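So the structure is just underneath, and the comments pick up after that.
The values are calculated or read from the model by the stated rules, or taken from the named source; none is laboratory data. This is a predicted model, so every value here is computed, not measured. Methodologically, a virtual Cβ is constructed for each residue, glycine included, from the backbone with ideal geometry; neighbour enumeration extends over all protein chains shown. The protein model used for the area step is the full one, side chains on, heavy atoms only, and it has no ligands, DNA or RNA in it. Shrake-Rupley method; radii C 1.70, N 1.55, O 1.52, S 1.80 Å.
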Amino acid sequence: MKKQSWIIAALTAVSMLAGCGQQAQPAGTSADHASHGAGSADAGAIGGQKVTIDFWYSLGGKNGEIVKAMVDEFNQSQQAVEVKATYQGNYYDNHAKVLAALATNTQPDVTMVEIASIAAFADAGALEDLKPFAEGQNGTDMQDYIPGLLGNSYWQDKFVALPFNRSTPLLYVNRDMLKKAGLNPEGPKTWDELREFSKKLSQGKGDAQTWGFSTPIDIWFYEALTFQAGGEILSEDGKQVKFNDDKGTAPIQFWSDMIKEQSMKMPPGEKYDAWDVAEADFTNQKVGMIFTSTGSLNGILEKAKFDVGTAFLPAKESFGVPTGGANLVMLSKSTPEEKAGAWAFMKWLTESDRTAKFSKETGYMPVRTSALESEPMKSLYAEKPQFKVAIDQLQYAKPRPMAPGYKELQETIMSEIQRTILGQATPQDALNKAAEKGQKLLK
Amino acid sequence: MRAAEKLRPYLFTAPSMLIFWLFFLYPIGYMIYLSFTSWNMIHPVKEFVGLENYQELLADPDFHQVMSNTVLYTVLSVLIALGLALVLALWLNRSGWVYSMMQGAIFSPYIISLVSVSLLWLWLMDPQYGLLNWLLGLIGLPPSPWLSHNDTAIYALVLVSVWKMVGYNTLVCIAGLQSIPKELHEAAQLDKASVWSEFWRITLPMLSPTLFFLLVVNTISSFQVFDTVKIMTQGGPVNSTNMLVYYIFEYGFEFFKIGYASAAGVVLFVLIGLMTVFHFLILSRRVHYR
């Protein structure tokens, strides 16, 4: 009897605790926002008083620490604006949180937004036009931003986003491994060479298995390979799907073939989990070559105990990549005082010497032409030529699609590509299905 | 005086009623309202679209898959977690430190945060280097792709769910078993009833209120699965683990379609309501209350 009441007491206590825990899950995110909201609500409305602005960012790990350090530097450099920076998870998480915060008026004043989501936020009217700020008293030379990085900045004549941590995908090669196999350590230049190299590098079984090549089956790389095959994802105006032709199926066929012959490893995991696996496999020398963002460059160089090379993504009809990364946006719901403070911060973050330093510390590209020509960048490129490849590749780069419905469409495309890779549909059928849904979304 | 007398119960219940209205009825009402609109959560105007969201929802083949995933997941998790718990409870319902320790051990998953545990399971289920495939290899079975194939991913999530729930269920069952009056068992033993018929005629009927409670609670919580999906699979591969709450989250907070997401939310609300009514009207007749 004693024991029974003990069990019941314990159960009640635990189920109460657990109950709280479960309810805290969905509510937890909104609680986060509430605290930020408080910050932005009482942010200095009176002139001359210090303005506090909220800045949400979506870089974790080492790159996140670098962002944090930049914010601290900004806060110490002047007295007018105090920036409260908060890490909100990866691009997907941050996107969801900004959206939820907008609904409850607890949004930040400045946030990073992944470039293919800019159109969705801009179309919803959430983003402030930055043109008046850029041309105003505390303005900046707009011509100095690298033109190739502005493709995801304009929405219906409004300038809504400043390029920030910008990337292109790169081919990373383990030069030691290639040399040992008697291959050109500069890496493959074409799809055929990539496949040939990969076959030579793939060997072993079980724990000792190595692969020549690995890449996350991700929309970003799919876009790259489609461009290389001479295709397009969407039409110029973002209203028509264009990927369901033989140029759109080529990448899927290519990946499927390589996975089947075991010269390419499909990294397990969904979305960024797969990216982490591919990167870890590369630094652990389980795979010889990967595609990943230039933003991982410094991290990979620090971790790898071998000679790391970077190169353009191999060409089919031509070279081709989408640009990637995130832009900085200002939310239109902020007060004029907050907006002025937000602009000062955004401008500061993307100034020439800052963007050069950020590039050097992470691997992301500098966003200003003057930064490229600056002494620190020139000496970095001379010393570590791996850093220059992304910038050189920019001549073959295109923006990511600018369409409000693309966020949803890209999930469908990725899901259909997975279906094909798992051998449950032909590339053409899968893409037709995605295109059918896509056409509805783009209207 | 009379009026005050009449008012008193309302005053006493006011605090909890306020919370109930504010955090239960109001959100539900607002969700139903939103489900008839097209809104991106930002635009000042919520455009009224009638039943359009529901029509779109019912026409979406992904939604059909989401529904069948959710039902499959719920049925499997609940049946396995309940069945296993009953067996474990019958086995562990004795005194002695070994049994107490066992009870504690199976219960422990229940008090750990599902989010952190999902990350651990992700590693255990790694197709290349994961512990589970290593164990399969030891007993001579071929490796499973676990979460990386759409044929197996949902069963992998069921496994995590069962692991999580079975301890709680077991403990509740043990408490239920201990509340069965000893005289009944003694009487059965005096009559030389077989162990089997003692179980069917005494233990199970007397335990039925407990099992019924667990059935209702488990069904509702399984139907609302979210954490493991978000952390471990994000609905993939090929939508094979996309379940209702995650689907709602995706549309509401990633695709800017809160009206559509609300319509799916209403469907979830109605289904859980119906299930609960079904449980109480149909199944509760078979429950033996003392």
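Evaluating 6.51 cos²θ - 1.76 cosθ + 1.60 at θ = phi - 60° for every residue in the range A:285-292, the Karplus couplings come out as 6, 7, 10, x, 9, 9, 9, 7 Hz, glycine and proline recorded as x.
Charge tally for A:Glu186 (other residues, Cβ to Cβ under 11 Å; Lys, Arg +1; Asp, Glu -1): +2.
Quick check: the distance between the Cα centres of the range A:367-443 and the range B:1-57, to the nearest angstrom? So the separation of the two Cα centres works out to 43 Å.
Every Cα-Cα pair of the range B:97-197 was included, and the share exceeding 15 Å stands at 73 percent.
Grouping the Cα pair distances of the range B:82-286 into 5 Å bins from zero gives a pair-distance distribution of 1, 6, 11, 13, 15, 15, 13, 10, 8, 4, 2, 1, 0, 0 percent in increasing distance order. Restricted to Cα atoms, the range A:284-443 shows a radius of gyration and a Dmax of 19.9, 56 angstrom.
Think of the range B:82-286 as a dipole: +1 on every Lys or Arg Cβ, -1 on every Asp or Glu Cβ, centred on the Cα centre; then among B:Val195, B:Gly137, B:Leu119, B:Val195 lies furthest on the positive end.
So for each of B:113-120, A:80-87 I average, over its residues, the number of other beta carbons within 10 Å; can you give me the resulting order with the highest mean first?
Answer by packing, highest mean first, reads A:80-87, B:113-120.
In a simple Cβ point-charge model (Lys, Arg +1; Asp, Glu -1; nothing else charged), the protein assembly as shown has a dipole of about 2140 debye relative to its Cα centre. Here chain A yields Rg over Rh of 1.01, to two decimals, using C-alpha coordinates and the Kirkwood radius. Relative intensity of the range A:195-308 on a log10 scale, I(q)/I(0) at q = 0.14, 0.17 Å⁻¹, equals -0.63, -0.87, per a Debye sum over C-alpha point scatterers of equal strength in the absence of solvent. Overall shape of the range B:1-72 was characterised from the C-alpha gyration tensor. The equivalent ellipsoid obtained from it has semi-axes of 40, 18, 10 Å, in decreasing order. Starting from a Cα-only point model with no solvent, please compute log10 I(q)/I(0) by Debye for the range B:25-171 at q = 0.09 1/Å. For the range B:25-171 at q = 0.09 Å⁻¹, log10 I(q)/I(0) is -0.49. Spatially, the range A:57-126 and the range A:283-317 are offset by 28 Å when compared through their Cα centroids.
Near B:Pro237, once Lys and Arg are set to +1 and Asp and Glu to -1 for all other residues with Cβ below 9 Å from its Cβ, the sum equals 0.
Sequence-ordered 3J(HN,Hα) estimates for the range A:200-216 from the Karplus curve with 6.51, -1.76 and 1.60 and θ = phi - 60° stand at 5, 7, 8, 7, x, 9, x, 5, 8, 5, 10, 10, x, 9, 8, 8, x Hz, glycine and proline given as x. Within the range A:356-443, all pairs of alpha-carbon atoms sorted by distance into 5 Å bins from zero give the percentages 3, 12, 17, 12, 9, 9, 11, 12, 10, 5, 1. Taking the Cα centre of the range B:82-286 as origin and assigning +1 to Lys and Arg Cβ atoms and -1 to Asp and Glu Cβ atoms, the resulting dipole is close to 340 debye.
Counting only protein heavy atoms and a 1.4 Å probe, tell me what percentage of the protein assembly as shown's accessible area is made up of carbon and sulfur. Let's see the in-between values first.
On the way: 20600 of 33430 Å².
Whole-percent figure for carbon plus sulfur exposure: 62.
Legend: residues A:Glu186, A:Glu232, sorted from most to least accessible area (1.4 Å probe; ligands, DNA and RNA excluded), read A:Glu186, A:Glu232.
With an 8 Å cut-off on Cα pairs and a minimum separation of 6 or more residues, tell me the relative contact order of the range B:32-149 in percent. Let's see the in-between values first.
Working: 56 pairs, mean separation 11.5, N = 118.
Reported relative contact order: 10 percent.
An ellipsoid equivalent to the range B:183-275, defined through the eigenvalues of its Cα gyration tensor, has semi-axes of 46, 15, 8 Å when rounded to whole angstrom and sorted largest first. Within straight-line reach of A:Lys260, meaning a Cα separation under 24 Å, sit the following lysines at least 8 residues removed in sequence or on another chain: A:Lys189, A:Lys199, A:Lys200, A:Lys205, A:Lys247, A:Lys271, A:Lys286, A:Lys316, A:Lys433. Here the scattering of the range A:131-279 is modelled by Debye summation over its C-alpha atoms, one equal scatterer each and no solvent; at q = 0.21 Å⁻¹ the log10 of I(q)/I(0) is -1.37.
Contact order normalised by length for the range B:82-286, with contacts defined as Cα pairs under 8 Å and 6 or more residues apart; what percent is it? Don't skip to the end; give the middle numbers.
On the way: 182 pairs, mean separation 45.6, N = 205.
Normalised by residue count, the contact order of the range B:82-286 is 22 percent.
Computed from the C-beta positions of A:Ala181 and A:Gln137, the FRET efficiency with R₀ = 45 Å rounds to 0.15.
Using the Karplus relation 6.51 cos²θ - 1.76 cosθ + 1.60 with θ = phi - 60°, the per-residue 3J(HN,Hα) values for the range B:107-119 come to 7, 4, x, 5, 9, 8, 4, 5, 5, 5, 5, 4, 5 Hz, with x marking Gly and Pro. Packing, as the average of other Cβ atoms within 10 Å across residues, places the peptides A:293-305, A:125-137 in the order A:293-305, A:125-137, highest first. By the Cα gyration tensor, the range A:333-381 has an equivalent ellipsoid whose semi-axes, rounded to whole angstrom, run 28, 10, 7 from largest to smallest. Computed on the Cα atoms alone, the convex hull of the range A:306-345 gives a volume of 152 cubic angstrom per residue. First select every other residue whose beta carbon is under 11 angstrom from the beta carbon of B:Val66; then total the charges, Lys and Arg +1, Asp and Glu -1. Summing Lys/Arg as +1 and Asp/Glu as -1 gives -3. Contact order, relative form, for chain A: 22 percent (alpha carbon pairs under 8 Å, 6 or more residues apart, mean separation divided by residue count).
Taking label positions 7 Å along the Cα-Cβ direction at both A:Gln424 and A:Thr335, the computed distance is 5.3 nm, reported to one decimal.
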